[in-house]
Amino acid sequence: MTNKQILTQYWGYSQFRALQEEIIDSVLAGNDALALMPTGGGKSICFQIPALAKEGICIVVSPLIALMKDQVESLKGKGIKAIAIFSGMNYKEIDIALDNCIYGDYKFLYLSPERLSSDLVRERISKMNVNLFAVDEAHCISQWGYDFRPPYLRIAEIRELHPKTPVLALTASATPEVQKDIQEKLLFKNENAFKKSFARKNLSYIVLHEENKFERMLNILQHVPGCSIVYVRSRRKTKEISNYLNKHGIGANYYHAGLNTGERDLRQTAWVQNKYRVMVSTNAFGMGIDKPDVRSVIHMDVPDNLESYYQEAGRAGRDEIDSFAIILYTDNDILSLKQKSKSKFPPIEEIRKVYKSICNYLQIAIHHGEGISYDFDFADYINTYNLNAIPTYSALKLLSLAGYLSISDAVYQPSKLKFKVDSAQLYTYQVSNKKVDEFIKVILRSYGGVFDEYTSIFEKEIAKRTSSTVKQTVETLNKFKKQEILDYIPYKDSPQLTLTLSRVDDKDLIISKDILKTRKEQYERRVNAMSSYLNLSTRCRNMMLQNYFGETPDARCGTCDYCRARNKLDLNHIEFNKLTEKIKSILGENALSVQKLTKEMHVPQSEKGLKAIRWLVDQGKLVYTTGDKVAWNEKRLNEETNSELVPAEKQ
């Protein structure tokens with residue numbers, strides 16, 4: 001089949017989106033490639049189609065467990081064999097899954113990056129017919145990336161197992177230095193980047209300095225129809241804002257990682273099906289959700305960096321229809337953002353204490369625990385040891401950065417089972433145990449593949465079909481497990497913490513002061529870039545973002561808050577720039593009355609000169625002095641020059 005035939009058969013589309021076909025052709029030609037495509041640009045098709053077009057299996061590395069599970073289920077729904085291996089799976093599950101990838105005609109194996117350090121995984125990958133390595137969220141491999149993760153550095157090592165297999169790296173946001181670093185770290189044979197413009201022509205970026213955020217948010221939602229995502233930083237505020245909106249007649253619900261998985265899934269599905277308009281959420285919501293008709297994304301709190309903001313804002317208008325990305329901020333928001341680096345980067349001694357208490361909490365002995373995943377209740381942990389949540393979580397992230405552990409958000413893993421005996425042995429068992437014969441038949445009729453692989457089951461469903469209770473069903477399954485008839489793994493619904501290395505004495509932890517210092521400096525530079533984006537009111541927002549990500553914009557977007565105000569001047573870009581330069585040259589270091597200034601400008605239409613002057617005064621570029629005169633504001637000019645949006649690694 002041709003690429004388009006595969007696209008039509010499995011996805012129902014007749015045409016590729018921008019860049020997709022070029023990326024697919026390059027990969028099929030055996031080239032390494034970097035695909036830089038904004039949120040909603042269709043990145044997954046870029047590796048899924050070439051993998052289907054060739055013999056063998058595609059290995060996809062991704063840190064997002066929920067997204068991996070969603071993609072696996074989506075592929076299965078299309079009749080494509082796919083499987084995922086991530087934190088929380090036991091040795092037997094992983095062992096059988098890997099064998100199925102070698103012998104079972106699977107097309108996709110999704111792996112979390114932490115799994116790449118496992119000898120078992122590496123040994124089995126060497127036996128697979130791998131047609132493509134796909135690396136999602138590829139900015140995580142770069143030391144300059146805002147979300148650098150050390151396990152990603154192991155990806156290049158698996159290339160040694162299949163040196164002729166191409167690598168496709170994918171990310172939604174990366175500055176030029178990060179793009180270059182990704183290709184170097186993944187050992188690209190030649191630089192080969194495909195970049196979709198960061199300009200979103202249908203997305204209006206609006207920045208509003210607002211003290212009464214709730215009222216302004218309500219006003220926006222009353223005037224902008226359609227569904228919306230409202231982002232906040234705390235779980236408490238998700239519920240508070242949701243209640244506020246419902247009270248004022250706007251259907252809303254809230255979402256955060258603290259809700260159990262079943263409740264999160266219900267709320268997400270209801271919102272996708274337009275059962276209510278607004279989802280109020282922490283940044284735990286949105287990744288991988290394919291809802292194209294989001295008309296507005298409103299940030300009630302300021303994100304840490306422009307990379308995160310661009311991705312979150314980009315969840316609006318994925319159907320290419322006009323939409324809005326709005327930030328509501330106060331001066332205090334910027335101050336708080338700049339002060340966060342203290343809690344984000346606790347002292348090394350504090351990091352050691354957190355490591356020790358974590359291992360004690362999970363009852364992990366010295367020299368044990370490597371590669372094992374543990375259910376981890378963060379709230380219970382900090383309450384047990386009376387710890388402050390923010391610096392403690394930051395210490396966990398830094399321990400992850402140092403390569404000692406990894407932690408994933410709560411992901412629902414349904415109960416699973418696999419028969420340990422073959423069909424003949426099971427039949428003999430059924431004949432000898434008539435009381436459970438019908439129970440076993442229900443399992444066999446309800447679930448396929450239970451002799452070959454771990455299969456997801458639902459105890460409630462089995463109980464209903466066997467006219468028993470869920471408790472009795474679980475007891476029967478555990479009885480079978482004890483008799484070694486089958487292996488039964490109860491469901492999980494909690495975050496997973498995995499020790500990447502065996503536990504060491506906390507005094508032996510190696511935490512590089514230089515690395516911490518570098519990461520802190522990078523964080524602060526990104527915060528400064530975010531602050532500049534908010535404070536600069538004299539430049540097109542879309543152009544500012546394009547510049548940050550290394551593009552040279554050709555024109556104003558015409559729809560952001562800056563451009564909307566400029567449009568009211570009735571002056572085109574060339575006219576406005578000429579008038580501004582003329583005003584600057586006339587004034588120099590002097591101050592003149594508006595009347596005298598307009599006279600010396602010699603503008604045929606004096607109204608245009610007045611409009612330009614008023615605009616420059618409103619933006620703080622011109623200031624009034626004594627005697628009702630105006631002067632060029634050198635302080636403002638210097639502030640703008642020093643506040644250009646420069647990627648963190650360039651500053």
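Since every read-out is calculated from the coordinates, none of them should be taken as a lab result. Computed from a predicted model, the values in this text were never measured in an experiment. All Cβ positions, even for glycine, are placed from backbone atoms using ideal geometry, and neighbour counts span all protein chains on display.
Which whole-number percent is the relative contact order of the stretch 3-195 (Cα, under 8 Å, 6+ apart)?
On the way: 326 pairs, mean separation 56.9, N = 193.
Worked out over the stretch 3-195, it gives 29 percent.
Provide the gained length on full extension for the span Asn567 to Phe458, in nm with one decimal, where the gain is 0.36 nm per separating residue minus the Cα-Cα distance.
Values: separation 109, 0.36 × 109 = 39.24 nm, distance 5.90 nm.
Full-extension gain reported as 33.3 nm.
How far, in degrees from 0 to 90, does helix 176-185 lean away from the longest principal axis of the Cα atoms of the chain, to the nearest 10?
30
I need to check one value: relative contact order of the chain, counting alpha carbon pairs closer than 8 Å and at least 6 residues apart, in percent.
Values: 1046 pairs, mean separation 83.6, N = 651.
Relative contact order comes out at 13 percent.
Pulled fully out, how much extra length does the chain show between Val431 and Gln15, if you take 0.36 nm times their separation in residues and subtract their Cα-Cα distance?
Numbers: separation 416, 0.36 × 416 = 149.76 nm, distance 5.68 nm.
Extra length from Val431 to Gln15 when fully extended: 144.1 nm.
Taking the Cβ of Ser446 as the center, what net charge do the other residues with Cβ under 14 Å away carry, scoring Lys and Arg +1 and Asp and Glu -1? Can you show the working numbers first?
Details: positive: Lys416, Lys441, Arg445, Lys460, Lys464, Arg465; negative: Glu438, Glu459, Glu461.
Here the count lands on +3.
So who's got an amide H within less than 5 Å of the one on Glu370, skipping anything under 5 residues away but keeping other chains? H placed 1.01 Å off N, in plane.
For Glu370, whose amide H was placed from the backbone, the distant partners under 5 Å are Ser502, Arg503.
With +1 on each Lys and Arg Cβ and -1 on each Asp and Glu Cβ, and nothing else charged, work out how big the dipole of the stretch 203-329 is about its Cα centre, in Debye to the nearest 20. Walk me through the numbers before you get to the answer.
Details: 16 positive and 15 negative charges, 105 e Å.
Roughly 500 debye for the stretch 203-329.
What residues qualify as long-range amide H neighbours of Leu405, i.e. H under 5 Å apart, gap of 5 or more or another chain, H built at 1.01 Å from N?
Placed amide hydrogens put Ser400, Thr500 under 5 Å from Leu405.
Applying the Karplus parametrisation 6.51 cos²θ - 1.76 cosθ + 1.60 with θ = phi - 60° to the phi angles of the stretch 191-207, what ³J(HN,Hα) value in whole Hz is obtained for each residue in order, glycine and proline being reported as x?
Values per residue, Gly and Pro as x: 5, 7, 10, 10, 10, 8, 4, 6, 6, 10, 5, 8, 10, 9, 8, 10, 10 Hz.
Using a Förster distance of 60 Å, how high is the FRET efficiency between Ser537 and Ile80, based on the Cβ-Cβ distance and rounded to 0.05? Mind dumping the intermediate values first?
Working: r = 49 Å, r/R0 = 0.82.
Plugging the Cβ-Cβ distance into 1/(1 + (r/R0)^6) gives 0.75.
Over the stretch 416-489, calculate the relative contact order: mean separation of alpha carbon pairs under 8 Å at least 6 apart, over the residue count, as a percent. Spell out each step's value before the answer.
Working: 74 pairs, mean separation 33.5, N = 74.
Worked out over the stretch 416-489, it gives 45 percent.
Sticking with the crude label model, points 7 Å out along Cα→Cβ, report the distance from Tyr103 to Glu263 in nm, one decimal please.
Between Tyr103 and Glu263, the simple spin-label model gives 4.5 nm.
With +1 on each Lys and Arg Cβ and -1 on each Asp and Glu Cβ, how big is the dipole of the chain about its Cα centre, in debye rounded to the nearest 20? Intermediate values should be presented prior to the final figure.
Values: 91 positive and 80 negative charges, 219 e Å.
So the magnitude is around 1060 debye.
Separation between the Glu484 and Gln5 pseudo-spin-labels, each 7 Å from Cα along Cα→Cβ, expressed in nm?
Here the modelled spin labels are 5.1 nm apart.
What FRET efficiency comes out for the pair Asn31/Ile348, r = Cβ-Cβ distance, R0 = 60 Å, nearest 0.05?
Details: r = 43 Å, r/R0 = 0.72.
Working from the Cβ atoms, E equals 0.90.
In sequence order, what are the phi-derived ³J(HN,Hα) couplings for the stretch 374-380 according to the Karplus relation 6.51 cos²θ - 1.76 cosθ + 1.60 with θ = phi - 60°, rounded to whole Hz, with x for glycine and proline?
Coupling constants for the stretch 374-380: 10, 4, 9, 9, 4, 4, 5 Hz.
For the stretch 356-507, with only Lys/Arg (+1) and Asp/Glu (-1) charged at the beta-carbon, what is the dipole magnitude about the Cα centre, in debye rounded to 20? Don't skip to the answer; put the middle values down first.
Numbers: 19 positive and 18 negative charges, 97 e Å.
Taking the Cα centre of the stretch 356-507 as origin, the dipole is about 460 debye.
Give me, ordered by chain and number, the residues 5 or more places off Ala134 or on other chains with an amide H under 5 Å from its own placed amide H.
Under 5 Å from the amide H of Ala134: Ile59, Val60, Val61, Leu168.
Could you order peptides 61-71, 457-467, 332-342 by the average number of other Cβ atoms within 10 Å of their residues, highest first? Intermediate values should be presented prior to the final figure.
Details: 61-71: 20.7, 457-467: 16.4, 332-342: 14.5.
The packing order, highest mean first, is 61-71, 457-467, 332-342.
Considering only Ile102, Ile85, Leu170, whose Cα is most displaced toward the positive end of the charge dipole of the stretch 3-195, charges sitting on Cβ of Lys, Arg (+1) and Asp, Glu (-1)?
Positive-most Cα among the choices belongs to Ile102.
Once phi is turned into θ = phi - 60°, what whole-Hz ³J(HN,Hα) does the Karplus curve with 6.51, -1.76 and 1.60 give for every residue of the stretch 22-32, x standing for Gly and Pro?
Whole-Hz 3J(HN,Hα) from phi for the stretch 22-32: 5, 5, 4, 4, 5, 5, 5, 7, x, 8, 5.
At 222 nm, what value in deg cm²/dmol follows for the chain if DSSP H runs of at least 4 each add -39500 (n - 2.57) and the sum is divided by all its residues, to the nearest 500? Intermediate results must be reported in sequence, preceding the final value.
Details: 28 runs with 290 residues, N = 651.
Calculated mean residue ellipticity at 222 nm is -13000 deg cm²/dmol.
Of Trp615, Val224, Cys557, which is farthest along the charge dipole of the chain in the positive direction, counting Lys and Arg as +1 and Asp and Glu as -1 at C-beta?
Val224
Give the residue from Thr2, Ser446, His602 lying farthest towards the positive end of the charge dipole for the chain; charges sit on Cβ (+1 for Lys and Arg, -1 for Asp and Glu) and the dipole is referred to the Cα centre.
His602
Report, in whole Å, the centroid distance computed from the Cα atoms of the stretch 348-399 and the stretch 85-133.
28
Please compute the modelled spin-label separation between Lys471 and Lys513, points set 7 Å along Cα→Cβ, answer in nm with one decimal.
About 6.0 nm separates the two model spin labels.
Among Glu210, Glu589, Glu307, which comes first, second and so on when ranked by fewest other beta-carbon atoms within 10 Å?
Numbers: Glu210 16, Glu589 7, Glu307 26.
Placing the least packed residue first, the sequence is Glu589, Glu210, Glu307.
Give me Tyr244, Tyr91 sorted ascending by neighbouring Cβ count inside 10 Å, so fewest comes first.
Numbers: Tyr244 17, Tyr91 11.
By the 10 Å Cβ count, ascending, the order reads Tyr91, Tyr244.
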